[in-house]
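Below is one structure; the comments refer to it alone.
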Amino acid sequence: MIGRLNHVAIVVPDLEAAAKLYRENMGADVSEAVDMPANGVTTVFVHLPNTNIELLHPLGENSPVANFLERNPAGGIHHVCYEVDDVVVARDRLKALGARVLGDGEPKLGAHGKPTIFLHPKDFFGTLVELEEPSES
Ligand code: CO
């Protein structure tokens, strides 16, 4: 069922500084910052040959990553995103096996415009897990 590692997400206190670090010091292919008001985050993608790093910064008043940044003011790894061919099939399978889906349990469009869900970290050994359908690119 589980496919490729799509991205590792890191919440950062300074998105510009983090993008610069990856672009200039690490020599990576780094996207422009994109505001995603519906998701409460601004994102920058660092494209690596085998996966991506998603840099996240809170956007707006009820950002889902604001509390994380308060607890981890220097930043930190927030979630990992695995690809699955069908998010609804994967969700139903994992729910039947006891995993908890965050929010209302319905897929939301993520940073790549693909349906995504988040699974409770307590059901994945302390790791917040995002599932996303693969992009063509
Ligand atoms: Co993500």
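Of all DSSP-defined beta bridges confined to the chain, some 75% are antiparallel rather than parallel.
Around residue 18, with a cut-off of 15 angstrom between Cβ atoms, what is the net charge of the other residues, counting Lys and Arg +1 and Asp and Glu -1?
Result for the neighbourhood of residue 18: -4.
If the segment from residue 5 to residue 104 were pulled out straight at 0.36 nm per residue, it would be longer than the present Cα-Cα gap by 33.2 nm. Structure remark: mean-square fluctuation, Gaussian network model of the chain, C-alpha springs under 10 Å; the largest value among 68, 45, 124 belongs to 124. Take every Cα pair under 8 Å whose residues are at least 6 apart in sequence, average their separation, divide by the length of the chain, and the relative contact order is 25 percent.
Counting Lys and Arg as +1 and Asp and Glu as -1 over every other residue whose Cβ lies under 15 Å from the Cβ of residue 78, the net charge comes to -3.
Between the C-alpha center of region 50-89 and that of region 91-126 there is a gap of 13 Å.
Charge tally around residue 61: other residues with Cβ under 15 Å, Lys/Arg +1 each, Asp/Glu -1 each, net -2. Hey, in the GNM for the chain with a 10 angstrom Cα cutoff, which one of 52, 39, 25 fluctuates hardest? Answer for the Gaussian network model of the chain: 25.
In the chain, the longest principal axis of the Cα atoms and the axis of helix 87-96 are about 60 degrees apart.
Values in this text are rule-based calculations from the coordinates and carry no lab data. In this text, all values refer to a predicted model and were calculated from it rather than measured experimentally. Note that each Cβ is placed from the backbone with ideal geometry, even for glycine, and that neighbours are counted across all protein chains shown.
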